[in-house]
Amino acid sequence: MLSAKTKYALKALISLANEPNRDPVMISHLAEKEGIPKKFLEQILLDLKALGFVGSKKGKHGGYYLRWNPEQIFVGQVMRGIEGPIALLPCVSLTQYERCEECVDEKTCGLRLVFKDVRDATAKILDKTSLADVLARVEREKAQPDVMFHI
C-alpha cells in the first residue's frame, strides 16, 4: 500500500505541475489546497527538494516550484525516491535486490515468479507515467459528462 508520505508527495508535485509558468507556491496554500497537514508537507517538500524535483524561493513571492518540466518527472521516480523500491518482495527488486532468507530455490520459487510479473507490470505503468500525463488524464475526465447508470 502506498504510504501517506508518497501519496502526499505525488499530490504536491501534481499540484505544482498544474501551476501556470511554474510559479512558486507557498506551503500553506499547497497544504490547504491538497488537504495535506502543513508540518508533514514541509518535510515532504524538503525531501523532494533533496531529490531534485522541486526548488524553493524565499521572499514575498516565494514558495516551492517544480525544477523540471512535468513531462520529465515520472511517478515511478518519485515513488522510489520517497518510498524505496516498488517491488513487493526484496528478491524481485531491481534497485534493492535481496535474497529471501527462507528461499530454497529462487529460480523456481512460485511466489517470486508471480511477484516479478507484478513488479514488471507496475513499473511499466509508473515509469512511463509523467506528471504531465496525470494532468492530461485529469483534464480528459473533467471533459467527460457524468453518466449515471440505473439498474
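Taking the criterion of being in contact with a strand residue (DSSP E or B) (Cβ under 8 Å, 6 or more places away or on another chain) and either of a type outside the set (D, E) or in a loop (DSSP other than H, G, I, E, B) (or both), the residues of the stretch 63-76 that qualify are G63, Y64, Y65, L66, R67, P70, Q72, I73, F74, V75. Residue under question is Y8, and the condition is that it be surrounded by 19 or more Cβ atoms within 10 Å (Cβ to Cβ), assigned to a strand (DSSP E or B) and either out of contact with any Cys (no Cβ under 9 Å at 6 or more places or on another chain) or in the same structural domain as Q96 (by TED's automatic domain parsing) (or both); does it hold? Answer is no for this residue. Among all residue pairs at least 6 apart or on different chains, which show Cβ distances below 8 Å where the first residue, located in the stretch 123-144, is at negative phi and the second is of a type in the set (D, E)? Pairs that qualify, where the first residue is at negative phi and the partner is of a type in the set (D, E), are S130/E71; L131/E71; A132/E71.
Put simply, of K60, K49 the only residue that is of a type outside the set (S, T, N, Q), free of Cβ contacts under 8 Å to residues at least 24 places away in the same chain, in the same structural domain as I14 (by TED's automatic domain parsing) and part of a helix (DSSP H, G or I) is K49. Contact map, the stretch 64-86: residues that are closer than 13 Å to K124 by Cα paired with residues that are in a loop (DSSP other than H, G, I, E, B) and of a type in the set (D, E), Cβ distance under 7 Å, separation 6+ or inter-chain. Pairs shown: F74/D127; G76/D127.
The values are calculated or read from the model by the stated rules, or taken from the named source; none is laboratory data. This one's a predicted model, so the numbers in the text were calculated from it and none came from an experiment. Here the Cβ is made from the backbone with ideal geometry for all residues, glycine too, and neighbour counts use every protein chain on show.
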